[in-house]
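The values are calculated or read from the model by the stated rules, or taken from the named source; none is laboratory data. Note that the coordinates shown come from a computational prediction; the quantities given were computed from them, not determined experimentally. Glycine also receives a Cβ, built like all others from the backbone with ideal geometry; neighbour counts cover every protein chain displayed. The area values use the complete protein model at the heavy-atom level, side chains included, leaving out ligands, DNA and RNA. Shrake-Rupley method; radii C 1.70, N 1.55, O 1.52, S 1.80 Å.
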There are 2 protein chains.
Amino acid sequence: MTNIHDIARLAGVSVSTVSRVLNNYKYVARDKRESVLKVIEEMKYTPNKNAIDLIRGETRTIGVILPYNNNPAFDQILNGILNKAIENDFSITVLPSNYSKEKEVEYLQKLKSKLYDGIIITSRANDWETIISYSDYGSIVSCEYTQHKEIGCSYMDRYSSYLDAFQLFKNKGHYTVAFTTARLESNSTRQMIDAYNEIFGELQPEYHISGCHCLEDGYEAAGQFLHLLERPTAIYANGDEVAGGMYLYAKSQQLKIPTDLAIIGQENQPIGIGMGISTVDHQLTKIGEQACSLVIKKSREKVKIPYRIVERDSV
Amino acid sequence: MTNIHDIARLAGVSVSTVSRVLNNYKYVARDKRESVLKVIEEMKYTPNKNAIDLIRGETRTIGVILPYNNNPAFDQILNGILNKAIENDFSITVLPSNYSKEKEVEYLQKLKSKLYDGIIITSRANDWETIISYSDYGSIVSCEYTQHKEIGCSYMDRYSSYLDAFQLFKNKGHYTVAFTTARLESNSTRQMIDAYNEIFGELQPEYHISGCHCLEDGYEAAGQFLHLLERPTAIYANGDEVAGGMYLYAKSQQLKIPTDLAIIGQENQPIGIGMGISTVDHQLTKIGEQACSLVIKKSREKVKIPYRIVERDSV
DNA sequence: CTAATTTATGAAATGCATTTCAAGTCAAGG
DNA sequence: CCTTGACTTGAAATGCATTTCATAAATTAG
């Protein structure tokens, strides 16, 4: 590989001058600039980006911690992040965590090791104390609200959105309501349960199934719910694909939607449009865009993104 | 920031010894190793990854050129890539190109500048000559077949899959058939047209609409097709979401599926399961996994991934 | 026609960790 | 007792580009 010294030697100038040409510095004599450019062209020279990153101490790269890499919700966030990143000439490295604490820490270490200028945490396994201990080494932004001032947030008010959805069910005359969530121990599950309790009173455990991610999970969950003695007349699904699975199961049992069973999905995905499923749209793309902007600005603001309910034919 | 010299000074050893401890080199006296580790712990030292990448000349990072970052097909490929990457402790940087030649070259330059050990091209805008001129600087793998020996390929036989799909229509008695594609100038569009001509004879231009990506595009395309004087009785959609849109339009016109209109989608996405749409599954996740493996192995093999047709209720 | 700028350029320091080279100690084998 | 091989360690070279400092020439301002 040819390096800046080779170019300097061949062009008969010092490395400083080559560097100046490379970085479009003003004060370089026209003839020297031209001969440097000529040599660069001839040798097909490209500066080593690792050396530049090392000396500059920044990489214009952001790491994005994603628990799952085939999940439509996280794909939406990532999509938003990529939009803003490309706009600002930043690169995005995807960091799949599968909610492993060790993996997450490994990624935060990479922030410390100067590989990324910042990190976006779309969802986390570690506690905030652990995460905050890395906030000196770069900008850390979360897609979940936290009051800790070291962390920027681009988030939505999950609790309110769940309240709204449940209230919608109630207004339509549903009192026996079930729901699904992804992880039992997650923050959103907790908020879901709180909202449920608020609207319908103490949750009976059989009306909640966790571990739902895809269409098949929804199909199965609906089966379980609809075999209960006192079966629910409405189900909130943590995703439109999960909702789609529920819809299919209901249809397979000759149930009419929304008369026999009402369903609300989440995140306004294409399948929900296709199947006519009402949904709570948390605007994850915007959440991602905002999160990326915060990292780029090195801001620790807390920005709330509004959600909206899209009513279709399943309620 | 503390660096390896600080650690060496504080531990009373040379930097070489610190480096040896860091890299688990065998021959370091127990007491020195311990005191180095103690200082590292105390100072919360983390080696600078840019310096390591610079000197090692490799980053264990792979760049993935994706034309669109919100497209379910490319998401599937990316998903496969991430699976393999994490298995092998590689990082993935997403490089959105939007089919811009300039962007693509910019990304290939980053390969040359040693930022990535290899690049996966899921779809390309540049000609092969341009791409090949970068193959000396790292491993380049394409998700599209090319005979050029400099490039590894993880691909599927699009042409055969289209032949099969069209033959399926024909077997079911469809002779007036339409289809959609994404980009007019793409390779897959060309193969699609060739396959169409092979099965149904010379394509009439009104039976082909390009520029289709999402459900809404499919809805609109179906509208156009179904307003033709001699309207098609079957449509091949370049994606299950597009197919879903067609399905919805047909339903809105009180058409029965598959009797009045048959539809085949592509890539076996959740919406296709939800709506019961038959599909050609090119197994993009596997394509991605294989592509990533090839880059990691620095192999230039050509690996063909088999496709399969999933029959549901839309044909 | 000086003094103050502006323009132009190179040497050397810097950022950080790895690796080679050389040299030294110590124990086991003959 | 000498040789050989296994340990152990540090100095210095290496990978590469940026930036500061110093210097000098050419302008411009006063």
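Got a number for residues in the range B:86-119 being more than 7 Å from chain A (Cβ to nearest Cβ) and touching a residue at least 60 places away in the same chain (Cβ under 8 Å)? Selection size over the range B:86-119: 6. Residues that are farther than 25 Å from A:Glu104 by Cα and either of a type in the set (S, T, N, Q) or assigned to a strand (DSSP E or B) (or both) within the range B:71-95 comprise just one, B:Asn71.
Just the residues that are away from chain A (no Cβ under 14 Å) and within 12 Å of DNA strand C (Cβ to nearest atom), please, taken from the range B:1-18. Talk me through it step by step, then tell me what you get.
Of the range B:1-18, the ones away from chain A (no Cβ under 14 Å) are B:5-18.
B:His5, B:Asp6, B:Ile7, B:Ala8, B:Arg9, B:Val13, B:Ser14, B:Val15, B:Ser16, B:Thr17, B:Val18, listed by residue number.
Filtering the range A:69-80 for residues that are modelled with pLDDT of 95 or more, more than 30 Å from A:Gly265 (Cβ to Cβ), within 11 Å of another protein chain (Cβ to nearest Cβ) and buried (at least 21 other Cβ atoms within 10 Å of the Cβ) leaves an empty set.
Kindly establish whether B:Ala195 is farther than 30 Å from B:Asp260 by Cβ, open to solvent by less than 40 Å² (accessible area, probe 1.4 Å) and more than 14 Å from chain A (Cβ to nearest Cβ). So that I can check it myself, show each step before the final result.
Numbers: farther than 30 Å from B:Asp260 by Cβ: no; open to solvent by less than 40 Å² (accessible area, probe 1.4 Å): yes; more than 14 Å from chain A (Cβ to nearest Cβ): yes.
No; evaluated as a whole, the condition is false for this residue.
One residue stands out in the range A:101-147 among those that are of a type in the set (D, E, K, R) and part of a loop (DSSP other than H, G, I, E, B): the one that is surrounded by the fewest Cβ atoms within 10 Å (Cβ to Cβ), namely A:Asp127. Of the residues that sit in the range A:53-68 and are within 8 Å of chain B (Cβ to nearest Cβ) and within 16 Å of DNA strand D (Cβ to nearest atom), which one is most open to solvent (accessible area, probe 1.4 Å)? Looking at residues that are within 8 Å of chain B (Cβ to nearest Cβ) and within 16 Å of DNA strand D (Cβ to nearest atom), I get A:Leu54.
Yes/no matrix, rows are residues, columns are (1) within 30 Å of B:Asp89 (Cβ to Cβ); (2) of a type outside the set (Gly, Ala, Ser); (3) more than 10 Å from chain A (Cβ to nearest Cβ); (4) assigned to a helix (DSSP H, G or I):
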{"site": "B:Tyr247", "(1), (2), (3), (4)": "no, yes, no, yes"}
{"site": "B:Gln254", "(1), (2), (3), (4)": "no, yes, yes, no"}
{"site": "B:Asp260", "(1), (2), (3), (4)": "no, yes, yes, no"}
{"site": "B:Ile273", "(1), (2), (3), (4)": "no, yes, no, yes"}
{"site": "B:Lys298", "(1), (2), (3), (4)": "yes, yes, yes, no"}
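Among the residues in the range B:19-39, are any touching a residue at least 40 places away in the same chain (Cβ under 8 Å), surrounded by fewer than 22 Cβ atoms within 10 Å (Cβ to Cβ) and within 16 Å of DNA strand C (Cβ to nearest atom)? If you could, list the steps in order and put the result at the bottom.
We begin by selecting, within the range B:19-39, every residue touching a residue at least 40 places away in the same chain (Cβ under 8 Å); these are none.
Looking through the range B:19-39, none of the residues is touching a residue at least 40 places away in the same chain (Cβ under 8 Å), surrounded by fewer than 22 Cβ atoms within 10 Å (Cβ to Cβ) and within 16 Å of DNA strand C (Cβ to nearest atom).
For the range B:203-222, taking the residues that are in contact with a helix residue (DSSP H, G or I) (Cβ under 9 Å, 6 or more places away or on another chain) and more than 14 Å from every other protein chain (Cβ to nearest Cβ), the one that is least open to solvent (accessible area, probe 1.4 Å) is identified as B:Ala221. If you go through the range A:275-287 and pick out every residue that is within 12 Å of chain B (Cβ to nearest Cβ) and part of a helix (DSSP H, G or I), you end up with 3.
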